[in-house]
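The values are calculated or read from the model by the stated rules, or taken from the named source; none is laboratory data. Everything numeric here is computed off the predicted structure, so don't read it as measured data. Cβ placement follows ideal geometry from the backbone for every residue including glycine, while neighbour counts extend to all protein chains displayed.
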Amino acid sequence: MSSKTSTITVDGKSVELPVKEGTIGPSVIDISKLYGQTGMFTYDPGFTSTAATESKITYIDGDKGILLYRGYPIDQLAEHGDFLETCYLLLYGELPTAAQKADFDYRVTRHTMVHDQMNRFFTGFRRDAHPMAIMVACVGALSAFYHDSTDISDPHQRMIASMRMIAKMPTLAAMAYKYSIGQPFVYPQNDLDYTSNFLRMCFAVPAEEYKVNPVLSRALDRIFILHADHEQNASTSTVRLAGSSGANPFACIAAGIACLWGPAHGGANEAALKMLEEIGTPDRIPMYIAKAKDKNDPFRLMGFGHRVYKNYDPRARIMQKTTHEVLNELGIKDDPLLDVAIELEQIALKDEYFVEKKLYPNIDFYSGITLKAMGFPTSMFTVLFALARTVGWIAQWSEMIEDPSQRIGRPRQLYTGAPHRDYVTLAQRG
Ligand code: SDX
């Protein structure tokens, strides 16, 4: 514990507040006693300068474009490992031994089926229901089936619930996709690896054998690694806040899915592809760059900018490389959307508006092109983001639940509404 302190002077009265230092990155001023000592709150609506928690899971250096999962650089994990190895690392803090990896893979694989009565939820939805709406509903509904893993005070039940969600997200995501195209659900197959299993559940049909393309499976597995966790982003903070009330893990992850859906967050991959389609050809890029810079125009370049990264998102670089790999494997020589994306990136990175505001491509800029080339409809892009981020949400939720100092999250406010006033009867109101 650091002995450093920070002094804040309020109305001529000075208050000493402890400073806490991390392993790497900014230190924090512990203001938990500030209200008691000064009668004042701090104010930071977007949490731009506020640490809501201590964590050992993921570290981001936004200025240097660095992302570490439990200290390991994202590019090394994406290059050398697979998604379930990253899941193990995020959950348990260390890379697994061969025996631990085999056991973890075995356990996840044997939780991939969902209760067969869940199939009936789908028939209640219209075929054109957005798959994110279906995921919010179905993941929340898992708590109606798995009462034996909702007691969050029991570490064993927390572990089972975690395994179930990591394992069942691909199955539910594939079911949402199949339902939207009127094809029968495909059950998981235990002799396939996690991501190959997911591809088969999405694209196999009963009429013929489905052969997994190992290049596409490896590419999608890497995309899942890139999306697995990202410290205290909006959806993770939602999961932590929901969990702080003692809500069951399935309900907390459903809350995270709902938050991720927003176009400013995980919904940006869907919005970015729609933007590239709307731009259509490179000659229309200047018009959209002007719109993005126009204060009176709500248009933003989707897939650009980030609250933390003020440099290139390291995930976007790996994503771009994966895009080329997938397009080459599929023999897609010239994808007009990719041409627009590359040209747009080059123009934006030279434009003084984007340079001055440090707006770089983020993970959502290239992911849509890759997923579309793989055969996923745009509406499934954020579902794939949620599938991958489930492990990050669970790791962060577990860390919060296991923190002995954990309390219900309850922010305060600056009140600027009406002061006290007495009731006026209808007759007196005229
Ligand atoms: C994700 O938090 C995470 O870690 C999220 C994530 C994860 O893995 O969990 O990384 C995933 O959500 C990535 C971000 C995906 N969203 C988008 O691509 C949507 C487009 N980007 C923006 O809406 C925006 O950049 C945010 C939401 C990502 C960040 O918003 P901030 O930090 O609140 O920044 P801001 O909106 O205050 O913008 C700062 C300035 C503003 O101009 P001024 O008011 O200062 O003049 O930059 C401008 C903005 O207008 N700006 C943009 C822009 N993003 C910011 N201008 C044009 N196009 C953009 N994309």
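Need at least 2 residues that are under 27 Å from the mean Cα position of the chain (by Cα) per element, so show me which strands (runs of 3 or more DSSP E) inside region 1-62 make the cut, counting only ones lying wholly within it.
Details: elements: 5-10, 13-20, 58-61.
In region 1-62, 58-61 are the strands (runs of 3 or more DSSP E) which contain 2 or more residues that are under 27 Å from the mean Cα position of the chain (by Cα).
Can you go through TYR88, TYR69, TYR92 and tell me which one is closer than 18 Å to TYR309 by Cα and not polar (S, T, N, Q)? If you could, list the steps in order and put the result at the bottom.
Values: TYR88 fails: closer than 18 Å to TYR309 by Cα; TYR92 fails: closer than 18 Å to TYR309 by Cα.
Answer to the selection: TYR69.
Looking at this structure, is ALA316 surrounded by 21 or more Cβ atoms within 10 Å (Cβ to Cβ), in contact (Cβ under 8 Å) with a residue 60 or more places away in the chain and within 16 Å of SER367 (Cβ to Cβ)? Criteria not met by ALA316. Scanning region 27-50 for residues that are in contact (Cβ under 8 Å) with a residue 24 or more places away in the chain and away from the ligand (no atom under 13 Å from the Cβ) yields SER27, LEU34, TYR35, THR38, MET40, PHE41, TYR43. When restricted to residues that are assigned to a loop (DSSP other than H, G, I, E, B), within 16 Å of the ligand (Cβ to nearest atom) and under 22 Å from PRO282 (Cβ atoms), region 308-340 contains 1. Restricting the first member to region 360-371 and to residues that are farther than 19 Å from ILE289 by Cα, and the second to residues that are among the acidic types (Asp, Glu) and surrounded by fewer than 24 Cβ atoms within 10 Å (Cβ to Cβ), the beta-carbon pairs closer than 9 Å and six or more apart or on different chains are ILE369/ASP335; THR370/GLU325.
Total residues in region 12-68 satisfying the condition of being touching a helix residue (DSSP H, G or I) at 6+ places or on another chain (Cβ under 8 Å), closer than 17 Å to THR236 by Cβ and exposed (fewer than 11 other Cβ atoms within 10 Å of the Cβ): the figure is 0. For region 275-306, the tally of residues that are surrounded by fewer than 18 Cβ atoms within 10 Å (Cβ to Cβ), small (Gly, Ala, Ser) and within 12 Å of the ligand (Cβ to nearest atom) stands at 1.
Pairing residues of region 279-296 that are under 14 Å from GLN346 (Cβ atoms) with residues that are within 13 Å of the ligand (Cβ to nearest atom) and of a type in the set (D, E, K, R), at Cβ distances under 7 Å and at least 6 apart in sequence or on separate chains, gives ILE289/ASP351.
One residue stands out among those in region 341-369 that are within 19 Å of VAL383 (Cβ to Cβ) and assigned to a helix (DSSP H, G or I): the one that is farthest from the ligand (Cβ to nearest atom), which is ILE369. The C-beta contact set for region 218-229 (first residue touching a residue at least 12 places away in the same chain (Cβ under 8 Å), second residue near the ligand (Cβ under 9 Å from one of its atoms) and aliphatic (A, V, I, L, M), distance under 8 angstrom, 6+ apart or interchain) comprises LEU226/ILE363; HIS227/ILE363. None of ARG218, ARG222, ARG240 is surrounded by fewer than 21 Cβ atoms within 10 Å (Cβ to Cβ), among the charged types (D, E, K, R), modelled with pLDDT of 95 or more and touching a helix residue (DSSP H, G or I) at 6+ places or on another chain (Cβ under 9 Å) except ARG218. No other residue among ALA161, ALA129, ALA137, ALA173 is in a loop (DSSP other than H, G, I, E, B) and either modelled with pLDDT of 95 or more or closer than 23 Å to GLY243 by Cβ (or both) apart from ALA129.
Residues that are assigned to a helix (DSSP H, G or I) and either surrounded by fewer than 16 Cβ atoms within 10 Å (Cβ to Cβ) or away from the ligand (no atom under 12 Å from the Cβ) (or both) are absent from region 260-273.
Taking the criterion of being within 19 Å of HIS230 (Cα to Cα) and in contact with a Leu (Cβ under 6 Å, 6 or more places away or on another chain), would at least one residue in region 371-384 satisfy it?
Start the filter on region 371-384 by keeping residues that are within 19 Å of HIS230 (Cα to Cα), which leaves 381-384.
Right, trim to in contact with a Leu (Cβ under 6 Å, 6 or more places away or on another chain) and you get 381.
Yes - at least one qualifying residue is present in region 371-384.
Which one of these does ARG126 not meet: (1) under 21 Å from ALA228 (Cα atoms); (2) surrounded by fewer than 14 Cβ atoms within 10 Å (Cβ to Cβ); (3) of a type in the set (Lys, Arg)? ARG126 satisfies all of (1) under 21 Å from ALA228 (Cα atoms); (2) surrounded by fewer than 14 Cβ atoms within 10 Å (Cβ to Cβ); (3) of a type in the set (Lys, Arg) except (1).
Consider ALA247 carefully, then state whether it is within 26 Å of ILE134 (Cβ to Cβ), more than 10 Å from the ligand (Cβ to nearest atom) and not in a helix (DSSP H, G or I). If you could, list the steps in order and put the result at the bottom.
Details: within 26 Å of ILE134 (Cβ to Cβ): yes; more than 10 Å from the ligand (Cβ to nearest atom): yes; not in a helix (DSSP H, G or I): yes.
Against the criterion (within 26 Å of ILE134 (Cβ to Cβ), more than 10 Å from the ligand (Cβ to nearest atom) and not in a helix (DSSP H, G or I)), ALA247 qualifies.
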